[in-house]
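A.B. asks: The structure that follows is given in the form of structure tokens.
The values are calculated or read from the model by the stated rules, or taken from the named source; none is laboratory data. Not measured: the values here are computed from a predicted model. All Cβ positions, glycine included, derive from the backbone under ideal geometry; neighbour counts span all protein chains shown. The protein model used for the area step is the full one, side chains on, heavy atoms only, and it has no ligands, DNA or RNA in it. Shrake-Rupley method; radii C 1.70, N 1.55, O 1.52, S 1.80 Å.
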Amino acid sequence: MRNRLQKAIVALIVSWLTLFVLLPNLMIIVTSFLTRDDAHFVSMVLTFDNYRRLLDPLYASVLLHSLNMAFIATLCCLLLGYPFAWCLTRLSPRLRPLMLFLLIVPFWTNSLIRIYGLKIFLSTRGWLNDFLLWLGVTDKPFRIMFTSEAVILGLIYILLPFMVLPLYSSLEKLDRSYLEAARDLGASKLQTFVRIILPLTLPGIVAGSLLVFIPAMGMFYVADLMGGARNLLIGNIIKSQFLNIRDWPSGAATSVVMTLLMGIMLLFYWRAARLLNNRMDLS
């Protein structure tokens, strides 16, 4: 009876993944090699033009701009999240669950609603400018919205918890005996951080960076609301290809390329984690 139940659960999971993961991805891959048709969206004519079109300078510039903003957002999340995660690990066991709860609370609200709130806060007549004018820091409101900086702020605002949680997990598992040994051997705080803490928490850094970098390139609504038409992410291109110009094959080809890039990043994470485990085993 138990074996039958296990087989039924495995079959249910495999069926679910096949129906809602494998088949949709196969449909996207097949569509990327078809031809656009105004009447039926796609025509059963095989072509590689959808991938050749991605080499166009326009697509290349949008991709580079998207990668640049995603990289800056990831770097800022890392610089903010690492000390925050370190401070979490130094808190008392009673206070730590409360801080983790406060970190996770924003996930209970839709990210689109939070972006609208941030947009109101940063607008020309928003609370931030009103506060700066009240302090006398400036005599006229700052223009923050509809810039690349506003898009980066929106990405950081949404994705920072995704960086903090993997870093917190790595720092919490850090063996304190290594730190004590480094202190006994006369290592400075900087040497201890660079040679011990940073290498041992590398999997958390890579995992957090991937969890921020990959979604940052596809959050088209953040670019739409915070950056306007001049600050597009690659997700805006995919959305426009599917919904606006109805060019499903081009949108599918762009999605396939993005998926391949994500796979390469995940492979990098796997190699980094494997290299670190090998070093720890040798030591």
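A.B. asks: What share of all Cα pairs of the stretch 131-278, in percent, falls into each consecutive 10 Å distance bin?
C.D. replies: Spelled out per bin, shortest first, that is 10, 24, 26, 20, 15, 4, 0.
A.B. asks: If you look at just the Cα atoms of the stretch 36-162, how large are its Rg and its Dmax in Å?
C.D. replies: Just the Cα atoms of the stretch 36-162 yield Rg and Dmax of 21.3, 65 Å.
A.B. asks: Mind giving me the nanometre distance, one decimal, between the label points for Arg4 and Arg52, set 7 Å out from Cα along Cα→Cβ?
C.D. replies: With each label point 7 Å from Cα toward Cβ, the separation is 5.9 nm.
A.B. asks: OK, next. Which of the lysines could a cross-linker span from Lys189 if the Cα-Cα distance has to be under 22 Å and same-chain partners fewer than 8 positions apart are dropped?
C.D. replies: Lys173
A.B. asks: Please report the accessible area of Thr259 (heavy atoms, 1.4 Å probe, ligands and nucleic acids excluded) in Å², nearest 10.
C.D. replies: Taking all protein chains as shown, Thr259 has close to 80 Å².
A.B. asks: Evaluate E = 1/(1 + (r/R0)^6) for Arg246 and Cys87, where r is the Cβ-Cβ distance and R0 equals 45 Å; express this FRET efficiency to the nearest 0.05.
C.D. replies: So the FRET efficiency works out to roughly 0.35.
A.B. asks: Here is a follow-up. Per q in 0.08, 0.15, 0.17 Å⁻¹, report the Debye log10 I(q)/I(0) for the chain, using one uniform scatterer on each alpha carbon and no solvent.
C.D. replies: Reported log10 I(q)/I(0), two decimals: -0.50, -1.24, -1.34.
A.B. asks: Go ahead and collect, in residue order, the members of the stretch 162-177 whose backbone nitrogen is under 12 Å from a label point 7 Å along the Cα-Cβ direction of Leu98.
C.D. replies: none
A.B. asks: What is the Å³ per residue value for the convex hull set by the Cα atoms of the stretch 131-191? The partial results should precede the final answer.
C.D. replies: Details: hull volume 10.4 nm³, N = 61.
Taking only Cα atoms, the stretch 131-191 has a hull volume of 171 Å³ per residue.
A.B. asks: Fully extended, how many nm does the chain gain between Leu17 and Asp175 (0.36 nm per residue separation, minus their Cα-Cα distance)?
C.D. replies: Working it through step by step, the gained length comes to 53.1 nm.
A.B. asks: Based on the alpha-carbon set only, what is the convex hull volume of the stretch 190-253 divided per residue, in Å³?
C.D. replies: Dividing the Cα hull volume of the stretch 190-253 by its residue count gives 115 Å³.
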